[in-house]
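Q: Sending over a structure as structure tokens; questions will come in a sec.
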Amino acid sequence: MAGAWQFLLAGAALAAYLLALHRENQWTKTIPNNGLLRYLGFFNAERIVLTSPEALHEVLVTKNYSFPKPASLRETAGRFLGLGLILSEGNAHKTQRRNMNPAFAPRQIKALYPLFWDKAREMVEAITADEAKSNNGTIEVVKWASRITLDLIGLAGLGRDFGAIRDEKNELVQTYNIIFQPSHQARMLHLIESFVPAWVLNALPIKLNSDIGQAAGSIRELCRETIAAKQRKLAKKELNDLDILSSAIRTETFTEHELIDQAMTLLAAGHDTTGSAFTWGVYLLARHCDVQDKLRQEIQQRLPPLDAANESLICSVDIDSMPYLQAVCSEVLRFYAPVPQTLREAAHDTTIVGQFIPKGARIIVAPWATNRDPRIWGPDAHIFNPDRWLCEQQDDDEHSGDSNKDYGTRSSGGAYSKYGFLSFLHGTRACIGQGFARAELACLLAVWVGSFEFGLQESALMDEGNLDIKGGLTARPADGLHIKTTKISRRCSH
């Protein structure tokens, strides 16, 4: 069995295979390899999974433009994602990345923290009001995660408040539910997309195509109207908004069509990925009450109660200076990367770590496997442990002779290679919005944990193996995430 290539006759989708390995911590124990795993998928189509930092470095950095996303993926997903940063390739991607960089500059993201905090507070208030009516103490997190993150990306990304928190039947929420709910038809199309031209799949007279076509058209029109309004403000020299789209418009480097694509990418990817991360964060903290309690203690020590937020403005310094909160966010993102896998395709005959790769071969980058690889993270890779992201700092007081211990964060989490953490990828295709996503997640978890004590409604889900997971662009619990909550009352001590 040992060697650079291993052959797996896969009758199920790769996502299920990755999940099984991910759960059982058997990624490298059961299948010896030298950086590449080969398996045969539908119709014996060849797939290659990258398992070593060296292989990942080649595909993501040194040869990244030799491994674009499959054209079929761009044509199908492009209908609702737009051909923005996620799906563009080659020179188009280089240009878009360069022109979008100012919109994601650290100072731009730091200015958005108060917005993130206020929206998270609005979510808690809405949940509390709903619970007062139903009085059952149970919250379904997946739906709330979708609503809050859609409002967040609406305001921070496009400068529009969609009102999803206030209205559970919000039209835009329903539109994205159509796109991101993996139906039977969607799974079947995914299986055959390697062998049938994308334009044929898109033209099939089936309900899925009709629904996605209508949903995508509605989203594109919303983006078009938003951009037109901002361009009118720009013409009057009145475009002073802080949102990402306004920053992109002010560069005056994008055509209207390109701006629409970027806006669609922001909306779809920006809310779905963070919604997934928040959901997994709540799940993990519900399973690990000790971590939940420790995080709540830091929150209560460093942040004001929600009802004092108007008097005590929350800014980036408050959130970023909380080492345990940052460690929890990093560990959530490691343990359950919002995007379990991403695809690449060899643009020409080439090699990866010295092994021949033919043109057209599908390459799989699998965060759900690599992020828990014991060869990179050590024997406790399968354990949820935020402490791995902390380092002890000692502050010596030369006058008193006292030594005060404090904790800071370490960026590696103890992994021997940065390629052990693939939640935002690496290289020129690394997620441009990772600072934005981390800020959102930190604010959401700080508000949630500071507001509720919570646990799983179904005790069986304490065992990760009992969790049914659905996959699309991101992964979430298939049946939602039902959490028992108790509202925390705090008096302002600031």
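Q: Order 344, 302, most accessible first, counting only protein heavy atoms with a 1.4 angstrom probe.
A: Per-residue accessible area, sorted high to low, gives 302, 344.
Q: Could I ask something else about it? Sorting check: for 32-40, 327-335, 169-177, which peptide has the highest mean count of neighbouring beta carbons within 10 Å, and how do the rest follow?
A: On the way: 32-40: 17.8, 327-335: 25.0, 169-177: 16.1.
Highest to lowest by the protection proxy: 327-335, 32-40, 169-177.
Q: When the Kirkwood radius is taken over all Cα pairs of segment 282-373, what Stokes-Einstein diffusion coefficient follows at 25 °C and 0.890 mPa s, in µm²/s? Kindly include the intermediate steps, with their values, before the conclusion.
A: Working: Rh = 16.8 Å.
Value of D from the Cα-based Kirkwood radius: 146 µm²/s.
Q: Additional query: With the calculation restricted to Cα positions, what are the radius of gyration and Dmax of segment 76-167 in angstrom?
A: Both quantities, over Cα of segment 76-167: 17.3, 56 Å.
Q: Moving on to the next point. Nearest 0.05, what FRET efficiency do residue 349 and residue 257 give at R0 = 30 Å with Cβ-Cβ as r?
A: 0.30
Q: Another question, if that's okay. Could you rank the peptides 153-162, 451-460, 270-279 by their average count of other C-beta atoms within 10 Å per residue, with the highest value first?
A: For the peptides 153-162, 451-460, 270-279, the packing ranking is 270-279, 153-162, 451-460.
Q: Label residue 91 and residue 484 with points 7 Å out from Cα along Cα→Cβ: what is the distance between them in nm?
A: 6.2 nm
Q: While we're here: Name the long-range amide H neighbours of residue 391: under 5 Å, sequence gap of 5 or more, or other chain; modelled H, no Pro or chain starts.
A: Under 5 Å from the amide H of residue 391: 408, 409, 410.
Q: Starting from the Cα of residue 236, draw a straight line to each of the lysines and keep only those under 28 Å, dropping any in the same chain fewer than 8 residues away.
A: Those lysines meeting the cut-off are 110.
Q: Once you list every other residue whose beta carbon is under 13 Å from the beta carbon of residue 169, what net charge do they have if Lys and Arg are +1 and Asp and Glu are -1?
A: Details: positive: 143, 147, 166; negative: 167, 168, 171.
My count for the surroundings of residue 169 gives 0.
Q: Got a sec? What order do 241, 468 fall in by accessible area at 1.4 Å, biggest, i.e. largest, first?
A: Working: 241 45, 468 90 Å².
Sorted descending by solvent-accessible area, the residues read 468, 241.
Q: Net charge within 14 Å of residue 228 by Cβ-Cβ distance, Lys/Arg positive one each and Asp/Glu negative one each, not counting residue 228 itself?
A: Taking every other residue near residue 228 into account, the sum is +4.
Q: Modelling each spin label as a point 7 Å along the Cα-to-Cβ direction, I'd like the residue 65/residue 320 distance in nm, to one decimal.
A: 3.2 nm
Q: Using 7 Å Cα-to-Cβ label points, what is the residue 214/residue 31 separation (nm, one decimal)?
A: Distance between the two pseudo-spin positions: 4.1 nm.
Q: Continuing with this model, one more query. Summing +1 for each Lys or Arg and -1 for each Asp or Glu, what net charge is found among the other residues whose Cβ lies under 10 Å from the Cβ of residue 412? Let's see the in-between values first.
A: Details: positive: 388, 410, 418; negative: none.
Once positives and negatives cancel, what remains is +3.
Q: Same structure, new question: Quick one: Karplus J couplings for segment 446-463, per residue in order, coefficients 6.51, -1.76, 1.60, θ = phi - 60°, nearest Hz, x for Gly and Pro?
A: 4, 5, 5, 5, x, 9, 10, 9, 8, x, 6, 5, 9, 5, 4, 6, 4, 8
Q: Separate question: For residue 133, which lysines qualify as cross-link partners when the Cα separation must be under 23 Å and same-chain residues fewer than eight apart are set aside?
A: Straight-distance partners of residue 133: 119, 143, 169, 484, 487.
The values are calculated or read from the model by the stated rules, or taken from the named source; none is laboratory data. Just so it is clear, the model here is predicted, and its values are computed rather than measured. With ideal geometry, Cβ positions are generated from the backbone for all residues, glycine too; neighbour counts draw on all protein chains shown. Only protein heavy atoms, including side chains, enter the accessible area calculation; ligands, DNA and RNA are left aside. Shrake-Rupley method; radii C 1.70, N 1.55, O 1.52, S 1.80 Å.
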